[in-house]
Amino acid sequence: MSLQFEIGYDFRLTSFDGAQISLKYHISPNIALRFGGGLTSNINNIDVNYDDYYYNQSHISEPLEEYNHEFYLTSAFLWYPKPNSIIKLYFGLGPRASYNYSKDEYLYSDGYKESRWHEGWAAGLNLSAGCEWFPVYFLSLSAEYSFYGVYGENTRTAKTVQYETGLIAERVQEKSKYFLFRGNSARLGLSLYF
């Protein structure tokens, strides 16, 4: 089993393939399974105070929130055709999926508050090809190129309400579906085996 990292600019270790953690498990010299995943969550609480001289109101205070959550999951079946070579070539195939949800609110000085939501998911397949070299038995360096295709759906909703009365002034909802095919740039990786 190994932990995988990507070698970024200035030889800094970063997350591999966008995942916060990536594990690889060798079932045999020819076959390995790779699992990666990540969860990011950002929450900001904002206190807004303003004076509305037009309506002769002052110190309107409203706690607003901004938050964003994203979940990412990937796995791959890796095949090493010649596992005894000094530089081991491998090919990979596996599913990938992601889900994200975000919301933010805006308070305007004309007495209206706007809330926006975004929810989206995507799922598809990832193809990869690479090579791995072991300078020592517990550490390997790899170079990998991958290509993926996903189907996804997004929903965006915006609602504007009058601040004092809570009456809805406007509500807009957009739904979209998409297919995305993308090649990742070649990545350099480092794996620590244990």
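Please find, within segment 53-78, the residue that is modelled with the highest pLDDT out of those that are more than 15 Å from the chain's Cα centre (by Cα) and of a type in the set (Gly, Ala, Ser). Looking at the filtered set, the residue picked out is Ala76.
Looking only at segment 150-193, residues that are in a strand (DSSP E or B), exposed (fewer than 14 other Cβ atoms within 10 Å of the Cβ) and of a type outside the set (A, V, I, L, M, F, W, C) come to 13 in all. Of the candidates Tyr145, Tyr137, Tyr163, Tyr151, the single residue that is aromatic (Phe, Trp, Tyr) and in contact with an Asp or Glu (Cβ under 9 Å, 6 or more places away or on another chain) is Tyr163. For His118, the criteria (1) surrounded by fewer than 15 Cβ atoms within 10 Å (Cβ to Cβ); (2) of a type outside the set (Ser, Thr, Tyr); (3) under 27 Å from Phe71 (Cβ atoms) hold in every case but one, which is (1). Quick check: is even one residue across segment 122-144 outside any strand (DSSP E or B), more than 18 Å from the chain's Cα centre (by Cα) and surrounded by 15 or more Cβ atoms within 10 Å (Cβ to Cβ)? No.
The values are calculated or read from the model by the stated rules, or taken from the named source; none is laboratory data. Keep in mind the model is a prediction, meaning the values are calculated, not measured. Note that each Cβ is placed from the backbone with ideal geometry, even for glycine, and that neighbours are counted across all protein chains shown.
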